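*Asks:* Mind looking over this structure? Questions follow.
Just so it is clear, none of the values below were taken in a lab; they were calculated from the coordinates. Just so we're clear, the structure is a prediction, and the values are computed from it rather than from any experiment. Cβ coordinates were reconstructed from backbone atoms using ideal geometry, including for glycine residues, and neighbour counts include every protein chain displayed.
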Amino acid sequence: MVESERVTEDVVRALIEPYIHVLPKRLVEEIVKRVSSYGLTIEVARKVVDRIVGEYLNSLVEPGEAVGMIASQSIGEPSTQMTLRTFHFAGVRELNVTLGLPRLLEIVDARKTVATPIMEVYLSGEYAHNRELALEVARELELTTIENVSRAITVDYIEYSIIVELDPDILENRGISPKDIIKALNRIKGKKGSIIVDNLTIIFKTGLEDAIKLKRIHDRVRSLRVKGIKGIRRAVVRYDEKINEYKIITEGSNLVAALSIEGVDHRRTITNNIYEIAEVLGIEAARAAIIREMRNVLEEQGLDVDIRHIILVADAMTLNGRIRQVGRHGVAGEKPSVLARAAFEVTVKHLVDSAVRGEVDELRGVVENVMVGSRVVPLGTGIVKLLMLYPALQSMDSVDEELSSS
Amino acid sequence: MGTRKINILEHELVPQHILLSEEESVKLLKRMGVSKRQLPWILASDPVAKALGAKPGDVIMVVRKSPTAGLAVAYRYVVRG
């Protein structure tokens, strides 16, 4: 091509080619797009590309930089400004959801059970655009027990039977027929039991002869699952204006069961319980979920924390394939240094215990190095150890001599 | 409405996982100058590792969507568990 010709995207791409493994993909794409849009000549374009690559390499974090400390400060300081209250879910007045500092603690503490488990169930195909179909899915999700659909459940101690009086309005509302109730009762009736149906009254003859057992069966009947998923207390259909779709917010969480229900979009449906995500979708999904949840909490509180700090925390928490908490002892508890531990809490106990165990302090952390008064901490520039290769040095001297003599 | 089997690899939270061959992982470790155990880990019982049929000792390449880099490649060493 002629030198004065304007560069095209392909030409710029060729210019970046040598750096393609050094630069992140997004940056490459942006350079290609931007540089080619200014109508530069190839010489100028080359200079621009070189300059960008240089700036990028200069902006990289240096080896030994205490990134964890920076991340913890960068998340910790804004967190002090968070509210201590729990808020209501955006758009769903009735559903409570933990937000702010309590939620952030829940995430970094890696709690197995969260205070307000919630699922966002997205719907697939036609289900997402039809309110009736969405409601149908919601009914499949929400746990319905016999007690939920009955006017009264009474015990007949003479006949040793349990009488269930169904409420027709609720039955219709929840999309349940008396047949479903009978099916559910059949699961627990046993060999001696029998079921008599009289319109909306169902008489369950237990065949028992023990009043205490009868009472126990009564409790079981009341909480017997007719429809829905264990753990889902409520399911509310919402219209999401951002994506123009119906979706379902649930109180309570059971990801495995929800994903396998027809109409549920198994690609997008999520829970706010990170352990559940790790179990069902794997550690990488859990890492992504930690980032998502932390970012949501901070954003919702109007705090501007660079995503890289959050990513670092998520990476550290999922490093060994399991979710580890970031507690007050750092990630996954114990520091290797005796002195650092002793400086923190119960000094004498730590010193005595470590003496008994014959522990060695390698003096690799900041605290212990400050304590013993050493001037170099293995961090930043202090992480570098200098070794000298005398033969190489001598040969360099001879090179120097040659250079100076010529 | 019934229940059905679903493929977790299609979930948007699950990034692309690629099981590396022995040669590929040796080459990778040499390039990075680290040993296998120095990589982040993934349990052999992890649902995605199971779906790929990964065994302890394997290396899995993870291609994540990154908000900063666009695409970011990471590696995980499969450990027993």
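*Asks:* Is the shape of segment A:241-303 rounded, prolate or oblate, going by the alpha carbon gyration tensor and its root eigenvalues a ≥ b ≥ c, with a/c under 1.5 for rounded and a/b larger than b/c for prolate?
*Replies:* Taking the square roots of the gyration eigenvalues as a ≥ b ≥ c, segment A:241-303 is oblate.
*Asks:* Taking segment A:194-308, how much of its Cα-Cα pair set, in percent, is spaced more than 23 angstrom apart?
*Replies:* 54
*Asks:* Extent of chain A along each principal axis, from alpha carbon coordinates, in Å, largest to smallest?
*Replies:* 118, 75, 40
*Asks:* Grab the DSSP H runs of chain A that are 4 residues or longer, score each as -39,500 (n - 2.57), total them, divide by all residues and round the 222 nm result to the nearest 500 deg cm²/dmol.
*Replies:* For chain A, the value works out to -13500 deg cm²/dmol.
*Asks:* Which pairs in the list A:Lys189/B:Lys5; A:Lys189/A:Lys247; A:Lys335/B:Lys50; A:Lys33/A:Lys242; A:Lys33/B:Lys65 are over 26 Å apart, alpha-carbon to alpha-carbon?
*Replies:* Beyond 26 Å: A:Lys189/B:Lys5; A:Lys189/A:Lys247; A:Lys335/B:Lys50; A:Lys33/A:Lys242.
*Asks:* So if a site counts as exposed when it's one of the chymotrypsin sites (Phe, Trp or Tyr not before Pro), its DSSP state isn't H, G, I, E or B, and it has at most 15 other Cβ atoms within 10 Å, what's the longest stretch of chain A without one?
*Replies:* Answer from the scan: A:158-406.
*Asks:* In a GNM of chain B with a 10 Å cut-off on Cα contacts, which of B:Leu13, B:Leu28, B:Leu39 has the highest mean-square fluctuation?
*Replies:* Highest fluctuation among the options: B:Leu13.
*Asks:* If you don't mind, there's one more thing I want to ask. Using alpha-carbon pairs under 8 Å, 6+ residues apart, how would you state the relative contact order of chain B in percent?
*Replies:* Relative contact order of chain B: 33 percent.
*Asks:* Would you mind telling me which residue in B:Gly33, B:Gly53, B:Gly70 has the biggest mean-square fluctuation in a Gaussian network model of chain B, where springs connect alpha carbons within a distance under 10 angstrom?
*Replies:* B:Gly70
*Asks:* Hey, another quick one. Please list 3J(HN,Hα) in residue order for segment A:152-160, calculated via the Karplus relation 6.51 cos²θ - 1.76 cosθ + 1.60 where θ = phi - 60°; whole Hz, with x for glycine and proline.
*Replies:* Computed from phi, the couplings for segment A:152-160 are 7, 10, 10, 10, 9, 6, 7, 8, 6 Hz.
*Asks:* Taking GluC sites (Glu not before Pro) that fall in a DSSP loop and have at most 16 other Cβ atoms within 10 Å as cut points, what is the longest piece of chain A between them?
*Replies:* So the longest stretch without any such site is A:263-333.
*Asks:* For chain A, what is the relative contact order in percent, using Cα pairs closer than 8 Å and at least 6 residues apart in sequence?
*Replies:* 17
*Asks:* Right, next: Points 7 angstrom from Cα along the Cβ direction at A:Glu159 and A:Arg51: gap in nanometres?
*Replies:* Distance between label points: 9.2 nm.
*Asks:* Ok, one more. Largest first and in whole Å, give the semi-axes of segment A:144-227's equivalent ellipsoid, each being the square root of 5 times a Cα gyration tensor eigenvalue.
*Replies:* Gyration-tensor ellipsoid for segment A:144-227: 21, 12, 11 Å.
*Asks:* Taking springs between alpha-carbon atoms closer than 10 angstrom, which of A:Ile75, A:Ile212, A:Ile16 fluctuates most in the Gaussian network model of chain A?
*Replies:* A:Ile16
*Asks:* Which whole number of Å³ per residue matches the convex hull of the alpha-carbon atoms in chain B?
*Replies:* Expressed per residue, the convex hull around the Cα atoms of chain B is 106 Å³.
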